[in-house]
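See below for the structure under consideration.
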Amino acid sequence: MKTYKQNETPEFEMIRAAAPEDEGARQYYFIEQARILWKQQFDGLVDSGEAAARYEGSLLSELQAEGKYGTFHIATFGCQMNARDSEKLCGILEQIGLKGVESENADLVLYNTCTVRDNANQKVYGRLGYLQTLKKKRPGMMISLCGCMMQEPSVIEKIQKSYSYVDLIFGTHNIFKLAELLCCRMMSENRMVVDIWKDTDKIVEELPVDRKYSFKSGVNIMFGCNNFCSYCIVPYVRGRERSRKPEDIVSEIKKLVADGVVEVMLLGQNVNSYGKNLEKPMTFAELLREINKIEGLERIRFMTSHPKDLSDDLIKAMRDCEKVCNHLHLPLQSGSSRILKLMNRHYDKEGYLALVDKLRAAIPDIALTTDIIVGFPGETEEDFEETMDVVRRVRYDSAFTFIYSKRTGTPAAAMEQVPEDVVKERFDRLLKEVQKISSEVCGRDLHTTQKVLVETLDDHKEGYVTGRLSNNTVVHFPGDESLIGKIVDVWLEESKGFYYMGKQVERQES
Ligand code: SAH
Ligand code: SF4
Ligand code: F3S
């Protein structure tokens with residue numbers, strides 16, 4: 001394992017020398033150490049009278065009442081993997097004694113970054129400028145960056161050169177070390193601390209997690225990706241595929257259920273290849289069957305499924321496991337067999353369509369969603385029409401459409417790029433088609449009663465709540481806070497294209 005580290009001081013070395021060896025215990029030790037350091041800092045601010053100006057309004061008294069020693073803000077970019085990582089980072093910071101706040105004017109600001117497309121990177125650079133102005137007004141404020149973008153050496157170079165006010169940088173493989181890294185930074189006299197691992201085979205279990213929702217949770221079943229689709233940077237920044245042991249996954253879900261979770265989203269870049277590298281290999285279909293047995297769990301979702309690895313046994317498991325939701329996200333990327341080959345996707349147009357037929361034969365009302373890239377290098381009008389053809393044939397419930405973004409170091413970056421205006425025009429055409437179809441298919445359950453997991457109060461309509469059907473379609477209906485996290489029967493009264501308006505009805509036994 002190659003690592004890139006910078007700026008550890010002898011003082012910190014002494015604290016580290018006393019740390020236990022077991023990685024879990026070791027991190028709880030650093031959480032305690034970090035807590036002591038933050039407490040000292042906070043007590044200093046209170047004693048000098050600076051705390052009152054720093055924590056505006058009632059914040060200071062809230063911190064004191066809750067036994068906290070400062071504030072943090074985490075901004076998450078990118079996919080569900082990052083969202084789950086942020087919950088872990090949040091759990092560690094809470095345990096250290098910091099309070100999460102909405103505002104970026106906090107003692108610690110952490111950006112969990114994404115680099116899948118260049119616009120994600122640009123957003124981070126833009127916001128770093130703003131953080132600098134905040135930091136000037138708030139001495140001692142700590143700015144930290146982590147996530148996929150930080151796994152790129154060119155990014156680290158750029159930050160060291162142009163954003164030297166950043167305090168701490170770490171990557172995707174060592175988020176479990178946050179407490180240790182914070183201690184290191186707090187004992188390193190204002191120097192930027194950088195710790196990036198090139199790859200890892202380590203999976204650290206049992207660290208604190210602070211979930212965003214009480215009733216649903218992401219659960220990592222694997223990390224990394226081995227597929228190397230030619231446009232994609234994820235395998236370079238997330239490392240090789242590693243599966244968690246089924247017993248660890250099941251025991252995590254059981255604990256979540258005991259804590260009020262009714263829906264889990266199993267997370268992996270390619271869940272269909274789950275289990276291949278385990279000591280006792282196991283398939284994803286087998287894992288689903290195990291998870292389906294967990295009492296109290298109501299819904300199982302997963303993402304992402306690579307079409308090349310979607311087995312007949314998995315289709316059977318999806319059909320037979322009653323908790324598995326009626327939805328599959330099956331990224332197409334392109335409908336042209338020629339482009340799919342250049343993309344290194346290992347399936348062709350006919351294979352993909354045959355898979356969709358097989359799925360629908362087994363599970364007739366399954367909702368299908370997808371990802372599509374427009375403007376992959378060399379894409380011709382004919383290639384693009386093949387994509388449109390698949391979209392018209394499959395009739396997706398919804399599709400995420402992306403303009404191809406050149407990622408340095410990926411094979412596609414060296415191929416001949418399609419002119420921007422051509423891509424933009426194709427993208428608009430695709431989006432229109434996708435939206436038209438999805439508004440037609442999303443209403444298929446109109447005038448039926450469906451089970452809905454209530455997620456939030458309705459953002460737009462007072463006295464309403466928002467929830468999701470098993471097939472992931474959104475429903476709004478009259479209700480209050482007490483329904484959040486519950487699964488209720490809802491009559492779908494009106495279809496609005498991408499969502500329904502409904503009303504709750506008496507529970508019917510299904
Ligand atoms: N592992 C998942 C998703 C990874 S990233 C999968 O295989 O589907 C999510 C989506 O981002 C991809 O499905 C793809 O459509 C898109 N994407 C990845 N790299 C991209 C790039 N260089 N430009 C544009 N879109 C990209
Ligand atoms: Fe990227 Fe392909 Fe891996 Fe998905 S399967 S993360 S698109 S390389
Ligand atoms: Fe982005 Fe990393 Fe996810 S690059 S899409 S946050 S795996």
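The values are calculated or read from the model by the stated rules, or taken from the named source; none is laboratory data. Predicted model only: the values in this text are computed from it and were never measured. With ideal geometry, Cβ positions are generated from the backbone for all residues, glycine too; neighbour counts draw on all protein chains shown.
None of 276, 255 is surrounded by fewer than 18 Cβ atoms within 10 Å (Cβ to Cβ), free of Cβ contacts under 8 Å to residues at least 24 places away in the same chain and more than 16 Å from ligand 3 (Cβ to nearest atom) except 255. Can you tell me which residue within region 78-118, out of those that are under 17 Å from the mean Cα position of the chain (by Cα), within 12 Å of ligand 3 (Cβ to nearest atom) and in a helix (DSSP H, G or I), is nearest to residue 41 (Cα to Cα)? Across region 78-118, the extreme among qualifying residues is 86.
Just one of the listed residues (329, 306) is closer than 23 Å to residue 403 by Cα, out of contact with any helix residue (DSSP H, G or I) (no Cβ under 7 Å at 6 or more places or on another chain) and in contact (Cβ under 8 Å) with a residue 12 or more places away in the chain, namely 329. Taking the conditions (1) touching a helix residue (DSSP H, G or I) at 6+ places or on another chain (Cβ under 7 Å); (2) of a type in the set (A, V, I, L, M, F, W, C); (3) loosely packed, with under 14 Cβ neighbours inside 10 Å in turn, residue 414 satisfies each one other than (1). Against the definition (surrounded by 14 or more Cβ atoms within 10 Å (Cβ to Cβ), farther than 30 Å from residue 340 by Cα and not hydroxyl-bearing (Ser, Thr, Tyr)), how does residue 422 come out, yes or no? Criteria not met by residue 422.
Could you tell me which of the residues 497, 485, 502, 467 is farther than 26 Å from residue 324 by Cβ and in contact with an Asp or Glu (Cβ under 9 Å, 6 or more places away or on another chain)? Full working, then the answer.
Working: 485 fails: farther than 26 Å from residue 324 by Cβ; 502 fails: farther than 26 Å from residue 324 by Cβ; 467 fails: farther than 26 Å from residue 324 by Cβ.
Exactly one residue qualifies, and that residue is 497.
Can you find even one residue in region 399-410 that is under 26 Å from residue 152 (Cα atoms), surrounded by 14 or more Cβ atoms within 10 Å (Cβ to Cβ) and away from ligand 3 (no atom under 16 Å from the Cβ)? There is no residue in region 399-410 that is under 26 Å from residue 152 (Cα atoms), surrounded by 14 or more Cβ atoms within 10 Å (Cβ to Cβ) and away from ligand 3 (no atom under 16 Å from the Cβ). Taking residue 27 as the residue in question, decide whether it is surrounded by 14 or more Cβ atoms within 10 Å (Cβ to Cβ) and either at pLDDT below 95 or within 16 Å of ligand 2 (Cβ to nearest atom) (or both). So residue 27 fits the description; yes. Restricted to region 143-189, and to residues there that are in a helix (DSSP H, G or I) and hydroxyl-bearing (Ser, Thr, Tyr), the residue that is nearest to ligand 1 (Cβ to nearest atom) is 154.
Does residue 123 meet the test of being under 30 Å from residue 271 (Cβ atoms), charged (D, E, K, R) and part of a helix (DSSP H, G or I)?
Working: under 30 Å from residue 271 (Cβ atoms): yes; charged (D, E, K, R): yes; part of a helix (DSSP H, G or I): yes.
Considered against the rule, which asks whether it is under 30 Å from residue 271 (Cβ atoms), charged (D, E, K, R) and part of a helix (DSSP H, G or I), residue 123 comes out as yes.
Give region 199-244 a look and list any residue that's closer than 17 Å to residue 278 by Cβ, within 13 Å of ligand 1 (Cβ to nearest atom) and either in contact with an Asp or Glu (Cβ under 8 Å, 6 or more places away or on another chain) or among the polar types (S, T, N, Q) (or both), or say none. 222, 223, 224, 225, 226, listed by residue number.
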